[in-house]
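The values are calculated or read from the model by the stated rules, or taken from the named source; none is laboratory data. Since we're looking at a predicted model, the values are computed, not measured. We place every Cβ from the backbone using ideal geometry, glycine too, and count neighbours over all the protein chains shown.
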Amino acid sequence: MERSTAIDRAFDVIELIAASQADLPFSLILEELDIPRQSLVRILNTLCDRGVIDRTNRRGFYKLGMITHKTIELKDKQRIGKMAMEAARKISKKSVE
């Protein structure tokens with residue numbers, strides 16, 4: 001299967017920012033991912049335009065965007081909901097027995 005370098009790079013950027021406990025500067029992203037500078041600029045601009053990441057108040061720094069936070073929150077809520085349903089199923093089986 002053929003892979004898209006640009007898409008792989010964009011996911012690398014998202015994963016790096018998501019794994020960070022702090023906002024990341026452009027220079028660190030550039031250094032960590034070894035993406036050509038102009039390619040990284042285009043990727044960051046596109047991800048910002050789409051709301052996947054955000055520019056911070058500090059010039060040249062990036063963080064996860066609201067879309068990404070909402071996706072993570074939704075997945076957590078879905079996982080918790082599934083756990084609650086499973087627990088309710090187990091409880092109801094025990095009360096019937």
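If only residues of segment 1-46 that are surrounded by 15 or more Cβ atoms within 10 Å (Cβ to Cβ) and acidic (Asp, Glu) are counted, the one that is farthest from the chain's Cα centre (by Cα) is Asp23. For segment 16-56, give me each residue that is among the β-branched types (Val, Ile, Thr) and under 13 Å from Ala6 (Cα atoms). Once the filter is applied, which keeps residues that are among the β-branched types (Val, Ile, Thr) and under 13 Å from Ala6 (Cα atoms), segment 16-56 yields Ile35, Val41, Ile43, Thr46. Residues of segment 13-23 that are without any contact (Cβ under 8 Å) to a residue 40 or more places away in the chain and under 17 Å from Arg59 (Cα atoms): Ala22 alone.
List, please: which pairs have Cβ atoms under 9 Å, are six or more places apart or on different chains, and start with a residue in segment 24-38 that is of a type in the set (A, V, I, L, M, F, W, C) and end with one that is assigned to a loop (DSSP other than H, G, I, E, B) and buried (at least 16 other Cβ atoms within 10 Å of the Cβ)? So the pair list comes out as Ile29/Ile35.
Just name the residue that is modelled with the highest pLDDT out of those in segment 59-88 that are surrounded by 10 or more Cβ atoms within 10 Å (Cβ to Cβ) and of a type in the set (Lys, Arg). The extreme case among them is Lys63.
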